[in-house]
Amino acid sequence: KRYNIILFTSVMMLIIFGIIMIYSSSNIWAKYKFDDSFKYVKQQILFFIMGLILIKVISKFDYKKYYSLANKILIVCFILLILVLIPGLGVIRNGSRSWFSLFGFSFQPSEASKLGLIIFSAKYLSKQSKINLKSVFPLLIILFTTFGIIMLEPDFGTGMILVVSIVALIFISGLDLKYFYYLFFIGIIGI
């Protein structure tokens, strides 16, 4: 019902800083290409406003329902990740087939997959009576399968953010620290 003013202020400051950085890094190119040095800033402000509206809508949704929808959300994310790889459906940008483009708006399924996998992982880990390598192993298989699909696009940055997020959840859930050394070593080899 109430907003955390410190969190809200922090987010607003980050958004304002981001908009300033977008202008700083794109104004010359936008002026050259579109004859409008604020082209990308205007787009970012539009997405910011859409984000505020989305926050308001989502805040009305009981977050406990995510628990019951976690499996379905993950399945939808997998389907979208596979569909984006199909030529004609997925759009190539900067050498990566990781976007859907509909009515002038672009959507990246790998971004939705980050949220979907975090929701699923939180549910999965909360249901485990004991957190050990055996109980975490199925989650790691799902994580690395998702990472593998994202790497087919390829989108290494998004894939790494996904891996780090889920490994952080596993760490917070209480897995013995010694296993993270193995995960770190396997991760270095994989990179």
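The values are calculated or read from the model by the stated rules, or taken from the named source; none is laboratory data. Predicted model only: the values in this text are computed from it and were never measured. Here the Cβ is made from the backbone with ideal geometry for all residues, glycine too, and neighbour counts use every protein chain on show. Heads up: the accessible areas ignore ligands, DNA and RNA and are worked out on the full protein's heavy atoms, side chains in. Shrake-Rupley method; radii C 1.70, N 1.55, O 1.52, S 1.80 Å.
Data for the structure
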quantity	calculated
Highest average packing first - 31-39, 116-124, 151-159, 99-107, Cβ atoms within 10 Å	116-124, 151-159, 31-39, 99-107
Full-stretch length increase - residue 132, residue 8 - with 0.36 nm per residue and alpha-carbon distance subtracted	41.0 nm
Degrees, to the nearest 10: 156-173 long Cα axis against longest axis of the chain	40
Stretch gain in nm, segment residue 188-residue 58, where the contour uses 0.36 nm per residue and the Cα spacing is subtracted	43.1 nm
Shape call, the chain: gyration tensor on alpha carbons, a/c limit 1.5	prolate
Within straight-line cross-link reach of residue 114, aspartates and glutamates at Cα separation under 19 Å, skipping those fewer than 8 residues along the same chain	153, 155
Reciprocal of mean inverse Cα separation for segment 116-191 (Kirkwood radius, Å)	12.7
Potential lengthening between residue 179 and residue 89 on full extension [0.36 nm per residue; Cα-Cα distance subtracted]	28.4 nm
Efficiency of FRET between residue 164 and residue 36 - r from beta-carbon atoms, R0 41 angstrom, step 0.05	0.65
Counted charge near residue 74, where neighbours are those whose Cβ lies closer than 13 Å (Asp, Glu -1; Lys, Arg +1)	+3
Shape of segment 1-98, Cα gyration tensor, a/c cut at 1.5	oblate
Heavy atoms of residue 11 accessible to a 1.4 Å probe, total area in Å² rounded to 10	60
³J(HN,Hα), Karplus 6.51/-1.76/1.60, whole Hz, each residue of segment 126-131, x for Gly, Pro	5, 7, 7, 6, 9, 9
Charged-residue dipole, Cβ positions (Lys, Arg, Asp, Glu), the chain about Cα centre, Debye nearest 20	620
Spherically averaged projected area in nm², based on the convex hull that wraps the Cα atoms of segment 80-123	3.5
